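FYI, it's all coordinate maths here, none of it is from the lab. What you are looking at is a predicted structure, and each value in this text was computed from that prediction instead of being measured. Ideal geometry is used to build each Cβ from the backbone, glycine not excepted, and the neighbour counts take in all protein chains shown.
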Amino acid sequence: MHRIIVLATVVIVSFGSCSKEQETRKVEREKMGEHGMAVDWKFSLPQGDPNAGRKQFIEVECYKCHEVKGEKFPALAEGEKGVGPELSQMAGMHPPEFFAESIINPNAVIDPDAKKLGHVGEDGKSKMPDYNTVLTVQQVADLASYIASLKGLKPNEHTRH
Ligand code: HEC
């Protein structure tokens, strides 16, 4: 009986992993904290698709506040441009989870120079809206992976998406 349950579990786990590229993290006994949570546990996003993320970036109009050097986004009319940091050098700076946090909780990390840069309002809050009722988790993961892929293209280099 015991053996059957174990086998069934193995089958379910291996079927489950077919559609996902991400590996399940194995927790070593010694590293196990309270309630089976590894002491070095960290939040991980589902796998994102940078091409889908780039499309989202245009669709939900992130480009209205964020320039990405080397990218061609729709032209902005006078007065349409908002304030936000340029994002073309983001690859390697932070993991995708950090970018996801910027999107779902823009106030989590605020640059000490934010006021000087005009990134926050009088209340000290980010001028960036959150997208929690607009984007699905997958779309957030796609956007995060797009941003994490930005390696600082030169202005005359075109992206081949
Ligand atoms: C109204 C303007 C505005 C819009 C629209 C906007 N942002 Fe922002 N964004 C900002 C500002 C201002 C900051 C800097 C303050 C902060 O961290 O929230 C920022 C910060 C960020 C950062 C962190 C950059 C860093 O240096 O760590 C990321 C990533 C980001 N935005 C992505 C996005 C994405 C993706 C979208 C679209 C879903 C978006 N933003 C839409 C204004 C905007």
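Observations
- Percentage relative contact order, the stretch 50-148, counting C-alpha pairs under 8 Å, at least six apart: 43 percent
- Summing +1 for each Lys or Arg and -1 for each Asp or Glu among the other residues whose beta-carbon sits under 13 angstrom from that of PHE73 gives 0.
- Within-14-Å neighbourhood charge of CYS62 [Cβ basis; K, R +1; D, E -1]: -3
- Counted by Cβ distance under 15 Å from ALA100, the other residues give a net charge of -4, where Lys and Arg count +1 and Asp and Glu count -1.
- Projected label distance in nm at SER149 and GLU59, using a 7 Å step from Cα toward the beta-carbon: 1.5 nm
- Net length gained if the chain between GLN47 and ARG29 were fully extended (0.36 nm per residue, minus Cα distance): 3.8 nm
- Neighbour counts of other Cβ atoms within 10 Å put TYR63, TYR146 in the fewest-to-most order TYR63, TYR146.
- Rough spin-label spacing in nm, given labels placed 7 Å along Cα→Cβ, for ASN132 and MET93: 2.4 nm
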